[in-house]
Amino acid sequence: MPNYQPALDDLFQALADPTRRAVVERLARGPVPTLELARPFAMALPSFTQHLGVLEKSGLVRSRKEGRVRTWELAPGRLATAERWLATRRARWERRLDQLDNYLETLKEKKP
């Protein structure tokens, strides 16, 4: 498979879950301790920390521990990876649609 990037798979897998997307959106506003980050979600803390583990493995978030408190923050560089990948695909499809449009215009002009 050309240009296969396992890290990109991890990134999109992490973003595929609505809980993890909500965590990323919350962390976009700034760093948050684990308990505060988990508060809005109706799940046990161990289940929630599994979500954080997936996000951390993908490189989307990172944590630091001070005393007994672990604080999470967004690692925006990984989102840029997804953005570049999507932009490349979008450019390809825009070129293809432009080619189709040009072809259809030539057909319209040839019509008597």
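Throughout, read-outs are computed from the coordinates displayed, never taken from laboratory work. What you see is a predicted model; the values in this text were computed from it and never measured. Note that each Cβ is placed from the backbone with ideal geometry, even for glycine, and that neighbours are counted across all protein chains shown.
For LYS57, the aspartates and glutamates whose Cα falls under 20 Å of its own Cα, not counting residues fewer than eight places away in the same chain, are ASP9, ASP10, ASP17, GLU25, GLU73, GLU83. Sparsely packed loop sites in segment 1-48 (the chymotrypsin sites (Phe, Trp or Tyr not before Pro) outside DSSP H, G, I, E and B with at most 11 other Cβ atoms within 10 Å) comprise TYR4. Can you figure out the FRET efficiency of GLN13 with LEU104, using R₀ = 30 Å and their beta-carbon distance, to the nearest 0.05? That pair, GLN13 with LEU104, gives E of 0.20.
Remark on the chain: Rg and Dmax equal 20.9, 80 Å (Cα only). Here's the list of aspartates and glutamates a cross-link from LYS108 could span, going by alpha-carbon distance under 16 Å and ignoring same-chain residues fewer than 8 apart: ASP98. Under the combined filter of DSSP loop state and at most 15 neighbouring Cβ atoms within 10 Å, segment 13-107 retains these trypsin sites (Lys or Arg not before Pro): ARG29, ARG68.
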